[in-house]
1. Considering only protein heavy atoms and a probe of 1.4 Å, how much of the accessible area of the chain is carbon and sulfur, as a whole percent?
2. Sorted from largest down, give the three principal axis spans of the alpha carbons of the range 262-395, whole angstrom values.
3. Give the relative contact order (percent, whole number) for the chain; include only Cα pairs under 8 Å separated by 6+ residues.
4. Contact order normalised by length for the range 269-395, with contacts defined as Cα pairs under 8 Å and 6 or more residues apart; what percent is it?
5. Fully extended, how many nm does the chain gain between Leu58 and Leu356 (0.36 nm per residue separation, minus their Cα-Cα distance)?
6. Rank Leu332, Gly285, Val263 by how far each Cα sits towards the positive end of the charge dipole of the range 262-395 (+1 on Lys, Arg Cβ; -1 on Asp, Glu Cβ) and give me just the farthest.
7. What translational diffusion coefficient, to the nearest whole µm²/s, does the chain have by Stokes-Einstein, given a Kirkwood radius computed over alpha-carbon pairs, a temperature of 20 °C and 1.002 mPa s viscosity?
8. Which net charge results for the neighbourhood of Ile124, defined as the other residues with beta-carbon distances under 14 angstrom from its beta-carbon, given Lys and Arg at +1 and Asp and Glu at -1?
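The values are calculated or read from the model by the stated rules, or taken from the named source; none is laboratory data. Keep in mind the model is a prediction, meaning the values are calculated, not measured. Heads up, the Cβs are rebuilt from the backbone with ideal geometry, glycines too, and the neighbour counts pull from every protein chain shown. Surface accessibility is based on the protein's heavy atoms, side chains included, excluding ligands, DNA and RNA. Shrake-Rupley method; radii C 1.70, N 1.55, O 1.52, S 1.80 Å.
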Amino acid sequence: MAPFECYYYGTNYFSNLVFSTVYPIALSVILMGLHARDQARKKEGSPWFSIFLALTYLILPSAAVKIFYSFKWDYFCEGEVNFEDGAIKHDGICNGEENLEGHRGFLSVDYSIEYGTPEADALIVYAIIMIFVYAIGIPTLYVVLLYRAQDDLSLHKPIKLDPAKLVCSAKERTNLKAAVMEFYFGNVTLGYGITDRTFEMLESTDQTEQFIGWLEESNIPHPATATLLPLLKAYYTSQGEKWEDISHGHTLAFLLGSWEQRVYWWEVFEVIRRLLLSGVLVLFGPGSAIQSAMSIIICLFSIKAYSLYAPFREDEDDFLQEVTQWQLFMVLFSAILARVDASGDSASDQTFLGWLLIAFVVPGYVTMAWQCVKSYLDVFYDAYNEAKKTKGEVK
């Protein structure tokens with residue numbers, strides 16, 4: 001969508017912000033009204049709530065950027081400037097950053113709005129309200145919705161919050177702490193439990209020479225048939241299929257996305273990560289060292305979280321996500337290296353630095369491109385093998 005100023009002449013950033021934040025709220029009210037209508041009619045398969053969630057997901061980064069830009073001001077020294085001994089000096093009106101007497105501040109993205117004016121005060125108040133609506137409200141909405149759906153979605157025993165008991169009982173607080181730790185950092189949540197790979201490893205081990213040799217050395221007869229293992233494998237396969245049905249047919253299907261059931265809440269983490277990388281970083285100077293440093297810190301934390309939880313259902317998606325996170329880190333790190341003054345280094349060192357920057361950036365893009373090609377090739381070969389198998393059965 002084009003900026004609001006392109007449609008109406010004479011508008012400024014304040015009116016642009018109001019328009020950019022009000023129209024999603026209006027659309028949300030309409031969508032929730034349609035959803036309530038379908039609920040009253042007991043209509044199944046109503047799409048309006050999923051569209052509402054998609055709207056909140058898509059609008060949050062751009063809205064957050066506009067909101068946080070309302071707190072970034074550029075200050076200029078008021079008065080006459082003169083030159084003495086090659087240095088720039090002023091007439092004494094400005095007294096430094098700590099005391100802004102003699103300074104005039106303007107919104108960094110719109111110099112028509114001056115700090116301290118009624119319009120600027122109204123802008124700041126409105127932006128604070130929108131922070132609660134968007135930057136805090138949308139992640140909180142996701143948390144509340146997922147919390148209320150624990151019975152359907154969670155592998156753990158649902159966590160129930162009772163403020164009265166938590167205040168009065170130390171045992172309740174201890175139990176809640178243990179439940180929360182298990183919910184977020186337990187073996188099941190981290191993927192250390194039984195998975196499809198467990199059965200693949202057991203079945204492959206059963207046919208190895210080492211295992212057969214061990215049975216012979218121990219005078220243990222090789223079992224002709226296994227009874228429990230196939231049943232367990234069928235059970236866990238059915239659980240995976242059950243999660244597929246739940247996650248695609250649930251009201252919160254949009255939030256469940258491609259996440260595994262053990263981390264069905266991962267969309268909350270993802271939306272906070274996007275919020276930090278889009279909205280919060282605008283508070284720092286564009287391209288500044290502090291902005292790059294904060295980006296790297298957020299990126300490293302994301303790399304650790306994704307590698308620890310591996311939240312995607314497909315291993316290829318986990319690998320691709322980790323590659324993209326490392327690629328983002330390399331780009332940000334290269335941006336900091338590019339700011340280093342290497343003019344005093346030798347010509348060969350400067351050449352090596354240039355090649356190093358290329359080595360940081362290029363491999364990630366190549367890996368991501370190969371993963372995309374590989375996914376299409378896998379689909380093609382699976383279809384080809386299935387067609388070949390079907391043709392053989394017909395003959």
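1. That fraction is 63 percent.
2. Computed over the Cα atoms, the extents are 75, 42, 22 Å.
3. 14 percent
4. 21 percent
5. Gain on stretching Leu58 to Leu356: 103.7 nm.
6. Going by the charge dipole, the pick is Val263.
7. D, rounded to a whole number, is 79 µm²/s.
8. Around Ile124, the charge tally is -2.
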